[in-house]
Amino acid sequence: MTKLSVCMIVKDEEKYLPESLESVKTIAEEIVVVDTGSTDNSVGIAKMYGAHVYPFQWTNDFSVARNFAISKCSGDFILFLDADEKVTSASCNEITSHIQIKQKTAFYCDVYKNDYKIGRKFIKRTPRLVANNETIKFIGRVNEQIETSLHEHGYSIIPSRIQIKHFGYEAADEKIKKRINRYFPILLEEYELHKSPSLAFSIAVACETIKDETLATHYFKIVADSTKLDRSLRGYAYTALAFYSHQERIVQESEKNINFSLKLCERQPFGHLLSSRISLRKNEFNLAEEKCKRAYILNQDFLTRSQEFQFAVTVYQEELLYFGITLSLKNRNTPNYQFYQKELIMYYKSIDERDSQNRSDVIKKIFLNIPINDDEVQVLIKMINKNSLSFFIYMLGSYPNKKQLIVILQSILTQFPNSLEAQKLLAKILDEHGRVDDAVRVMERIIEVDQSDVTIFFYLISYYLKQGQESKIKPVIEKIEKNFSHLPDVMSRVRTLRRKLLTFTTVPL
């Protein structure tokens, strides 16, 4: 019978280790844990699962520790895991099947890292299931890899459908930063020595994770310019650069980078979604809708079929569904709207069959502008999250029961106090009810904390005019000119506004 060794190095991983070891306890004939200096109960947990635990003096070199661990493995095959990773239950049978092959063979596995905060799933394909041989070695002090050694020693590396979930990045931001800070200085040292573009990619992704956009941009540019890296890595580098430019509303730069990205690696769900959002910002509504549909189809392909890639970023299905259905409504594209509505109902059934009918009924009533009852209001509020917020704000703009709508918006703002869309709609509804002073207060509160949306300034000017407070308009116009001088269309609108205001106000502008 073929013997499988599960192999890992750990330090202070008591929070994650049980879940990791639980996932492999039925397939591992041997568990080898190399401890590099834990001060928590990691060693005790490992022994509780029957692991052979070996202490190891940490030398700031992950490969040295990995290779020491290999030397302790007696199995025919080795499965390499981190302490915050687990094998999916569906992959266990496949692992058992693959290790029956009696030759120099390794298997690519898909390692998934979910980032719930931004709704992205990062997938890296890497050899983790490897036939044991004393000649194979990891290389690299950090972000160590074994693939070079496998090629050098005549291994065949075969694609598989084995999935490994990296769940450690679901921790709080501070814990993630602490984890990254452990290896980040080594990454920088190694990059200064070797100037490796693959190390630059690792640095960029680490900076992206801890939200250091300045440093991330620097290293993503190095990756993007390298012709030695896999196209999927370079493609993501350009996508990241496009995303940062998009956040800064630098449309031309973001469009240039996303086009480079998709030229390098066309099958990118996140890349096409970002391209769609860039087109939307340019008011290219039909193009935005086409790109969103492409993103959705590619995303579904990644969920259901094997793909050839080294690195990929998928998008949470709910985000694509709500973005797509919003675009199809704005474009009056009935076939696409019907497609997304059907997919959305199927999605809700997949996550909660019991409540799917209630959700479907609420969506249909909102589409038809039919008032909902108090119970359905609660269903609606539960359905609203960061992925669906824009869709419901858009749909609620024409909701007939304005008093009920104010209550709904106030509930939304309890959950999303910084939502510009919800606050703008609330101000609009208050204005329609003759509550201009309340509308002004909402807009002034927004501008105190966020001046990124130029439409808020124009709304505020219109409200000041209704109040007869022309003296407050000049400072608002000056803020627009200061904050948005790089946007020609905004500056043109300001000049037109100044000319119009001169015809019916005596306040110098």
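What follows is calculated from the coordinates using simple rules that are stated; it is not laboratory data. Note that this is a predicted model, so its numbers are computed, not measured. FYI the Cβ positions are ideal-geometry reconstructions off the backbone, even for glycines, and counts take in every protein chain you see.
General remarks:
- Placing +1 on the Cβ of every Lys and Arg and -1 on the Cβ of every Asp and Glu, with nothing else charged, gives the stretch 48-132 a dipole about its Cα centre of roughly 220 debye.
- Among Asn181, Thr105, Ser261 - extreme Cα towards positive end, dipole of the chain, charges at beta-carbon: Ser261
- Length added when fully stretched, Ser74-Arg161, from 0.36 nm per residue minus Cα-Cα: 28.8 nm
- Estimated FRET transfer efficiency (Lys365, Thr96; beta-carbon r; R0 41 Å; 0.05): 0.25
- Annotation: for a label point projected 7 angstrom from Cα along Cα→Cβ of Asp230, residues of the stretch 272-308 with backbone N closer than 16 Å are 302, 306-308.
- Given Lys11/Lys177; Lys402/Lys424; Lys291/Lys424; Lys165/Lys221, the pairs whose alpha carbons are separated by over 18 Å: Lys291/Lys424; Lys165/Lys221
- Contour minus Cα-Cα distance for Glu147 and His194 (0.36 nm per residue): 15.1 nm
- Overall form of the chain per C-alpha gyration tensor (a/c, 1.5; a/b vs b/c): prolate
- Relative contact order %, the chain, counting alpha carbon pairs below 8 Å whose residues are six or more apart: 8
- Inter-centroid distance (Cα atoms) of the stretch 397-432 relative to the stretch 314-348, Å: 23
- Charge dipole of the stretch 102-171 about the Cα centre (unit charges at C-beta), most positive-ward option of Asn133, Tyr116, Ser149: Tyr116
- Placing pseudo-labels 7 Å out from each Cα toward the beta carbon at Arg435 and Phe285 gives an inter-label distance of 3.0 nm.
- On the basis of the beta-carbon distance and an R0 of 22 Å, Glu134 and Ile27 show a calculated FRET efficiency of 0.40.
- Per-pair calculated FRET efficiency, R0 = 60 Å: Ile381 and Lys3 via Cβ, rounded to 0.05: 0.65
- Taking Cα centre as origin and charging only the Cβ of basic (Lys, Arg, +1) and acidic (Asp, Glu, -1) residues, the dipole magnitude of the stretch 4-170 rounds to 440 debye.
- Whether the stretch 120-213 is rounded, prolate or oblate, judged on the alpha carbon gyration tensor where a/c under 1.5 counts as rounded: oblate
- Taken as Cα centroids, the stretch 253-284 and the stretch 113-169 sit 28 Å apart, rounded to the nearest whole angstrom.
- Global form of the stretch 4-170, assessed from the alpha-carbon gyration tensor, a/c cut-off 1.5: rounded
- A simple count of charges around Val379, restricted to other residues whose Cβ falls under 11 Å of its Cβ and scoring Lys, Arg +1 and Asp, Glu -1, yields -2.
- Extension gain, Lys330 to Asn373: 0.36 nm times the residue separation minus the Cα-Cα distance gives 12.8 nm.
- Simple Cβ-charge dipole of the chain, Lys/Arg +1 and Asp/Glu -1, about Cα centre, in debye nearest 20: 1520
- Protection-proxy order for peptides 222-228, 270-276, each taking the mean of Cβ atoms within 10 Å per residue, highest first: 270-276, 222-228
- Helical content of the chain, expressed as a calculated mean residue ellipticity at 222 nm, amounts to -18000 deg cm²/dmol (DSSP H runs of 4 or more residues, -39,500 (n - 2.57) each, divided by residue number, nearest 500).
- DSSP finds beta bridges in the chain, and of those with both partners inside it, around 50 percent are antiparallel.
- Lysines whose Cα lies under 19 Å from that of Lys382, excluding same-chain neighbours fewer than 8 positions away: Lys117, Lys349, Lys364, Lys365
- Cross-link table Lys228/Lys386; Lys47/Lys178; Lys137/Lys256; Lys47/Lys121, entries beyond 30 Å C-alpha to C-alpha: Lys228/Lys386; Lys137/Lys256; Lys47/Lys121
- Nitroxide proxy distance, nm - points 7 Å out along Cα→Cβ at Glu308 and Lys479: 5.4
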